[in-house]
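What follows is a set of notes on a single structure, which appears directly below.
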Amino acid sequence: MNLILFGPPGAGKGTQAQFLVKQYAVPQISTGDMLRAAVKAETSLGLQAKAIMQRGGLVSDEIVLGMVEERLAQPDCSGGFVLDGFPRTIPQADMLHAVLSRMGRSIEHVLSLEVEPEELVHRLSGRRSCPACGRGYHVEYEPPQQAGMCDQCHVALVQRDDDREETVRNRLSVYEEQTHPLKAYYLAKGMLRQIPGIGSIAEIQQRISSVLAG
Ligand code: AMP
């Protein structure tokens, strides 16, 4: 099962990717997670990406594609994968399909999670996570038992630098300009499956399962 999870920042791609990982036993390939790990490890790639990510811009197509190409060649991707946050530009999509076709593979579905912009601002700016175990929370939709603390680790929750409201607005306008055109691109290829991204996590999982079963 070779999938792309598509949608604006805050649409729930990471959450639904985790469901797909469990349900279909395929790895999640999140370029955002890979870049954050590179920033944390202070690799040369991470140092190049850091300032761009902090202001909500896009890292260069070449850097991101290099990371994805390397990841796709790893053995755990042989039975399928879920791409989360990639491709984000039309050149990335063209390059992805060229790389896959050299490997004799292709994408089966592009699952597009559809959520209105105002809801996205609300979701992203309320998002928190545990720096120890990585568990995600939302101040309103999924609050911890004790405000600001992880239920499991009892350490203070943190907010991603780029989830602050001003950066969120920039990420959304970058999405509109550079990523949203991919919808028409995949629609024209007959690969786009539009999924309403509003409702409970379980409801959205159900919608995804029915699309994949159909
Ligand atoms: P995400 O976790 O997917 O929201 O990604 C966080 C940040 O990483 C984005 O705002 C970009 O700066 C960068 N990033 C992630 N994926 C890509 C990509 N496919 N192309 C360019 N930049 C990316």
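Read the figures in this text as sums done on the coordinates, not as results from a lab. What you see is a predicted model; the values in this text were computed from it and never measured. Heads up, the Cβs are rebuilt from the backbone with ideal geometry, glycines too, and the neighbour counts pull from every protein chain shown.
Along the stretch 56-72 the Karplus relation, 6.51 cos²θ - 1.76 cosθ + 1.60 evaluated at θ = phi - 60°, assigns HN-Hα couplings of x, x, 9, 6, 4, 4, 5, 4, 5, 5, x, 5, 5, 4, 4, 5, 5 Hz to successive residues, with x for each Gly and Pro.
Could you please tell me the mean projected area of the C-alpha convex hull for the stretch 62-123, averaged over all directions and given in square nanometres to one decimal?
Values: hull surface 21.4 nm².
For the stretch 62-123, the mean projected area of the Cα convex hull comes to 5.4 nm².
Taking K and R as +1 and D and E as -1, what net charge do the other residues with C-beta under 15 Å from the C-beta of residue 83 add up to?
Working: positive: 13, 71, 88, 105, 193; negative: 33, 61, 69, 70, 76, 84, 94, 108.
Overall, the nearby charge balance is -3.
Order the peptides 7-13, 154-160, 97-103 from the highest to the lowest mean number of other Cβ atoms within 10 Å of their residues.
Working: 7-13: 23.7, 154-160: 14.3, 97-103: 12.3.
Highest mean packing first, the order is 7-13, 154-160, 97-103.
To test your reading of the geometry: what angle, between 0 and 90 degrees and rounded to tens, separates the Cα axis of helix 31-40 from the longest principal axis of the chain? The helix 31-40 is inclined about 50 degrees to the chain. Charged neighbours of residue 137, selected by a Cβ distance under 9 Å, balance to +1 (K, R count +1; D, E count -1). Using the average count of surrounding beta-carbon atoms within 10 Å as a protection proxy, the listed peptides 29-37, 175-183 rank, highest first, as 29-37, 175-183.
The charge dipole of the stretch 128-214, taken about the Cα centre with unit charges on the Cβ atoms of Lys, Arg (+1) and Asp, Glu (-1), comes to about 400 debye, rounded to the nearest 20.
In the frame of its principal axes, the stretch 141-214 has Cα extents of 48, 33, 17 Å, reported largest first. DSSP assigns beta bridges within the chain; of those with both partners inside it, close to 25 percent run antiparallel. Net charge in the neighbourhood of residue 158 (other residues with Cβ under 14 Å of its Cβ; Lys, Arg +1, Asp, Glu -1) is +4. Over the stretch 1-79, with a single point scatterer placed on each C-alpha, what log10 of the ratio I(q)/I(0) does the Debye formula yield at q = 0.13, 0.15 1/Å? Debye curve over Cα of the stretch 1-79, log10 I(q)/I(0) at q = 0.13, 0.15 Å⁻¹: -0.45, -0.60.
Just the number, please: percent antiparallel of the DSSP beta bridges in the stretch 103-214, rounded to the nearest 5.
Percentage antiparallel, nearest 5: 55.
Which values of log₁₀ I(q)/I(0), to two decimal places, follow from the Debye formula for the chain at q = 0.10, 0.14, 0.16 Å⁻¹ with a uniform point scatterer at every Cα? So the normalised log intensities work out to -0.43, -0.89, -1.20. Annotation: the residues 43, 167, 15, sorted from fewest to most other C-beta atoms within 10 Å of their own C-beta, follow the order 43, 15, 167. With a Förster radius of 41 Å applied to the beta-carbon distance between residue 145 and residue 23, the computed FRET efficiency rounds to 0.90.
If you put +1 on each Lys and Arg Cβ and -1 on each Asp and Glu Cβ, how big is the dipole of the chain around its Cα centre, in Debye rounded to 20? Let's see the in-between values first.
Values: 22 positive and 25 negative charges, 62 e Å.
The calculated dipole for the chain is roughly 300 debye.
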